[in-house]
Amino acid sequence: MTQDVLTILGLESSCDDTAAAILRQTGDAPTEILASVVHGQNELHAAFGGVVPEIAARAHAEKLDICVEEALAESGVTLADIDAVAVTAGPGLIGGVMSGVMCAKGLSAGLGIPLVGVNHLAGHALTPRLTDQVAFPYLMLLVSGGHCQFLIARGAEDFTRLGGTIDDAPGEAFDKTARLLGLPQPGGPSVENAAKLGDPKRFAFPRPLMDRPGCDFSFSGLKTALLRARDALVAEKGGLTEQDRNDLCASFQAAVVDVMAKKTARAIVAYLEESPKEPLLAVAGGVAANKSIRAGLETVCDQHGLTFTAPPLALCTDNAAMIAYAGLERFKSGQQDGLTLVARPRWPLDKTAPALLGSGKKGAKA
Ligand code: KG4
Ligand code: ZN
């Protein structure tokens with residue numbers, strides 16, 4: 001193997017997806033994803049209304065080896081071809097993070113290759129560089145069932161957090177809305193589909209924190225408003241019609257779209273103070289799949305002269321390709337960890353930003 005070819009294995013196990021991926025970088029060419037395997041755990045947690053940390057950790061411990069074997073088979077490389085192993089070392093549910101870190105340590109020691117610990121959030125935040133070779137500095141909005149924050153990405157380990165949620169993540173709010181209305185999980189797609197047939201103006205739901213300066217979010221009040229509107233309809237008519245459900249979903253989604261667009265506009269103003277040469281907003285996380293949210297963000301980007309980009313959905317949601325890529329960036333800058341690497345439940349990307357409140361059903365949001 002020539003010196004400028006790097007093949008890296010990535011592992012992810014910080015929440016409810018066990019994943020392994022193999023990436024290859026050859027010189028300055030775009031990094032190739034040779035394999036990306038993800039095993040979800042939805043069915044294991046379905047009965048509990050959220051991720052059960054101990055069940056998740058056990059499932060990760062069982063599935064990590066299988067994921068690695070599948071990734072090797074899919075990529076056609078052997079363990080002997082792997083130059084380094086990258087692993088999510090936090091933030092996340094600690095049992096799961098430990099399972100991944102122990103597996104990676106075993107591979108590193110057994111194969112005699114470097115071990116690189118990766119911040120899960122850095123994995124998400126660097127994905128636009130893997131998929132679109134985006135240049136620093138860019139603005140990132142991370143919105144999923146577990147995350148919600150604006151970041152300015154300046155370097156592989158240099159992030160400034162401009163704001164985030166002080167309570168729930170937006171994906172949680174979509175999931176809760178679906179539960180309250182008897183729609184299937186995950187709630188995001190169910191609510192989005194119902195909203196297409198509804199009237200977004202029928203219910204005047206609050207736009208939380210809109211009057212407060214800055215770009216922090218809050219979603220718990222919106223959930224409560226929806227619950228009250230639902231209960232009022234049930235008390236009045238004895239139940240909900242399909243139209244009521246659609247209107248509730250449309251009005252809820254309209255509130256989320258409005259808040260996200262407004263807060264994004266504020267984050268963009270702060271980001272543009274850096275005078276980036278090629279201003280760009282990237283969005284990632286499961287909630288980025290929502291077409292109305294995307295349209296709202298694209299409009300704001302157009303208004304401010306920013307390019308808008310979103311990685312393909314499979315790389316927006318939790319996966320190990322993003323971890324391998326973030327590991328590759330760290331490794332290339334001369335950094336690696338030894339067998340003393342620790343698993344961290346909390347690990348803010350921006351160590352200077354004040355701590356956010358909130359820890360949702362998917363664990364600490366760092
Ligand atoms: O990134 P992800 O797969 O997992 C983590 O949260 O880590 O995001 C899943 C979340 C769920 O809460 C789901 O309801 C939400 O993303 N989601 C959506 C849509 N598709 C998925 N939310 C709004 N609209 C959607 N179309
Ligand atoms: Zn994630």
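The values are calculated or read from the model by the stated rules, or taken from the named source; none is laboratory data. All figures in this text were calculated on a predicted structure; none of them were measured in a lab. Note that each Cβ is placed from the backbone with ideal geometry, even for glycine, and that neighbours are counted across all protein chains shown. Only protein heavy atoms, including side chains, enter the accessible area calculation; ligands, DNA and RNA are left aside. Shrake-Rupley method; radii C 1.70, N 1.55, O 1.52, S 1.80 Å.
Quick check: residue separation of Gln185 and Glu242 times 0.36 nm, minus the Cα distance between them. What number comes out in nm?
That works out to 18.8 nm of additional length.
Enumerate the amide H contacts of Phe217 below 5 Å, restricted to partners 5 or more residues apart or on another chain; note that Pro and chain-start residues carry no placed amide H.
Gly164, Thr165, Ile166
Peptides 132-139, 219-226: what's the order by average Cβ count within 10 Å, highest mean first?
Working: 132-139: 18.2, 219-226: 20.0.
Highest-to-lowest ranking by the protection proxy: 219-226, 132-139.
Using unit Cβ charges (K, R positive; D, E negative) and no other charged atoms, how large, in debye to the nearest 20, is the dipole of the chain about its Cα centre?
Roughly 1120 debye for the chain.
With label points built 7 Å along Cα→Cβ from the Cα atoms of Lys277 and Leu79, find their separation and express it in nm.
Distance between the two pseudo-spin positions: 4.4 nm.
Given the peptides 106-115, 191-200, 255-264, arrange them by the average over their residues of other C-beta atoms within 10 Å, most packed first. Display every interim value, and only then the final one.
Numbers: 106-115: 16.1, 191-200: 18.6, 255-264: 21.3.
Order by mean packing, descending: 255-264, 191-200, 106-115.
Ignoring ligands, DNA and RNA, please state the percent of accessible area on region 136-311 from carbon and sulfur, probe 1.4 Å.
52 percent
Starting from the Cα of Ile55, step 7 Å along the direction of its Cβ; do the same at Met210; then give the gap between the two resulting points in nm.
3.8 nm
Mind jotting down the three principal axis lengths of region 136-311 based on Cα atoms? Whole angstrom, largest first.
Largest first, region 136-311 extends 57, 27, 27 Å along its Cα principal axes.
Working out 0.36 nm times the residue gap between Arg228 and Asn193, then minus their Cα-Cα distance, what length gain in nm do you get to one decimal? Present the calculation step by step, with values, prior to reporting the outcome.
Working: separation 35, 0.36 × 35 = 12.60 nm, distance 2.19 nm.
This chain segment gains 10.4 nm when fully extended.
For region 71-87, take each phi angle, set θ = phi - 60°, evaluate the Karplus expression 6.51 cos²θ - 1.76 cosθ + 1.60, and give the result in whole Hz per residue in order, putting x for glycine and proline.
Coupling constants for region 71-87: 5, 5, 5, 5, 8, x, 9, 10, 4, 5, 7, 7, 8, 7, 10, 10, 9 Hz.
With θ set to phi - 60°, apply the Karplus curve 6.51 cos²θ - 1.76 cosθ + 1.60 along region 158-170 and write out the HN-Hα couplings as whole Hz, x wherever there is a Gly or Pro.
So the J values, rounded to whole Hz, are 10, 10, 10, 8, 8, x, x, 7, 9, 9, 8, 7, x.
Work out the FRET efficiency for Val5 and Asn42 from their Cβ-Cβ distance, taking R0 = 41 Å, and round it to the nearest 0.05.
After rounding, the FRET efficiency stands at 0.65.
Could you tell me what % of all Cα pairs in the chain have separations over 33 Å?
30 percent
Using the per-residue mean of other Cβ atoms lying within 10 Å as a proxy for protection, in what order, highest first, do the peptides 311-319, 21-29 fall? Before the final figure, lay out the partial values.
Numbers: 311-319: 19.8, 21-29: 17.8.
Ranked from most to least packed, the peptides come out as 311-319, 21-29.
Measuring with a 1.4 Å probe in the full set of protein chains, what accessible area per residue, in whole Å², belongs to the chain? Walk me through the intermediate numbers first.
Values: 14980 Å² over 366 residues.
I get 41 Å² per residue for this part.
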